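The values are calculated or read from the model by the stated rules, or taken from the named source; none is laboratory data. Nothing here was measured: the structure is a model prediction, and the numbers come from that model. Positions of Cβ are generated from backbone atoms using ideal geometry, with glycine treated the same way; all protein chains shown enter the neighbour counts. The area values use the complete protein model at the heavy-atom level, side chains included, leaving out ligands, DNA and RNA. Shrake-Rupley method; radii C 1.70, N 1.55, O 1.52, S 1.80 Å.
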Amino acid sequence: MRSGGIYNKKFMKQFIANRNEVIQGPSPRVLEVLKNFKPEHANLYLEDYYHSILIPKISEIFGIPEEQIITSYGEEDFFRTIFDEIDPKKDSVLTHSFHYAYYKKYLDCKSVALNTFEMREENESFVFDIENCIQQYQKTKPKILLLTSPNNPTGNSISAEELEKLLKNITAKILVVVDEAYWGFDERYDQKTFLSLLDRYPNLVFLRSFSKLYALAGLRIGFALCGSNVKNILKYQNRYLGLSRILEEVAIAALESDDYYKKLSMEVVGDRKSFINELRNFKNFQPFSSKANFVLVRIANNDIAERLRNALQKEEVVVCKFVDDNFLRVSVGEKKLTGKFLKLLERIDRMF
Ligand SMILES: Cc1ncc(COP(=O)(O)O)c(C=O)c1O
């Protein structure tokens, strides 16, 4: 484990590391910025474009016009912005089954209907059923189509071809949101192909978070890369006084720490691969392939699940979360912790 990491068992009775945070911690450059934040940067508003130094940086890196970028206090902040625009009396949201629990929690609270299209199981993976999505879209006429890629908790992602097929079948008045909170752990993702869709589909928006790959969940930073009409559809007004200055400086430092995060991403990819391979030898725990820093695991029956629940109470570090009685989501990426958890699963597997 890296010495700069956040895991320190001295301070905690039971360390819960099951929300897919990256426990190795952020880059040394980010830590420097946090340590050396200048007090004189605290008392004045920013003056640049939209009162932001981060937006021009994102624009430069991703080749997207500054007007088409929105920054937020984590993706959650952006979700509130878009969900709060919805009229519960006439509008609904369409997403896939097996979706991030927060969507439903928030929309339920606003009395907004959340409809779902299907996911299929194919070759140890979940896949989005694109045909079913188009059918559900035609049937429910949602205000927002929301896709999560890689998806939490299943770990599968959408391809650029699948996404384009959907976009071609959807009117440009509907907002198509792709939540890419787990971006960065897929060695084959072609950023150029995906982002070039923004030129052709003005209603498309990609959401990115600094919480996962960049290991900054506690600081709450996110951004949206938008098609040219997204702000109009949302009636979005830029933040009048900008985002917190320290967060902007930290986010820039993270974006400028490419070498560190590439290495970190490779560590996660390697750890995920060996976790899945090891688990394939077990009788009672079936792993699904994943493009994120977690792996979905099917548990063979309720007795085994119960045994695992009991065993977890005695664990010093808990890296998994029950999605329901038979599915477990395991955060991976840190070899020592994954190895320890595998040993626990192996012990239980042998009992049944
Ligand atoms: C799919 C998905 N989207 C968004 C978020 C929240 O992102 P943020 O920390 O940027 O608010 C999470 C957090 O776990 C998530 O799993």
DSSP beta bridge pairing in the chain, given as percent antiparallel to the nearest 5: 60 percent
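Can you tell me the mean projection area, over all orientations, of the convex hull of the stretch 154-212's alpha carbons? Units nm², please.
4.4 nm²
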Built amide H within the under 5 Å cut-off of Phe294, gap 5+: Val332
Radius of gyration and Dmax over the Cα atoms of the stretch 138-266, both given in Å: 15.7, 46
Table column - 3J(HN,Hα) (Hz), the stretch 333-341, Karplus curve with 6.51, -1.76, 1.60, x for Gly and Pro: x, 10, 3, 4, 5, 4, x, 5, 5
Label-point separation in nm, Thr193 to Lys110, each point 7 Å along Cα→Cβ: 3.2 nm
Most positive-pole-ward Cα, Ala172, Cys133, Ile55, against dipole of the chain from beta carbon charges: Cys133
Under-5 Å amide H pairs with Val323, H placed in peptide plane, nonlocal only: Leu328, Arg329
Of all accessible heavy-atom area on the chain, the percent that carbon and sulfur account for (1.4 Å): 49 percent
Positive dipole terminus of the chain, leading residue within Ala311, Leu46, His99 (C-beta point charges): Ala311
Surface per residue (accessible, 1.4 Å probe) for the chain, Å²: 48 Å²
Compactness of the stretch 28-255 - radius of gyration and Dmax, Cα, Å: 17.8, 56
Amide H contacts of Tyr100 (H built 1.01 Å from N, under 5 Å, at least 5 apart or other chain): Asn152
Members of Lys89/Lys168; Lys90/Lys110; Lys212/Lys340; Lys104/Lys141; Lys141/Lys321; Lys104/Lys165 lying beyond 24 Å, as alpha-carbon distances in this model show: Lys89/Lys168; Lys141/Lys321; Lys104/Lys165
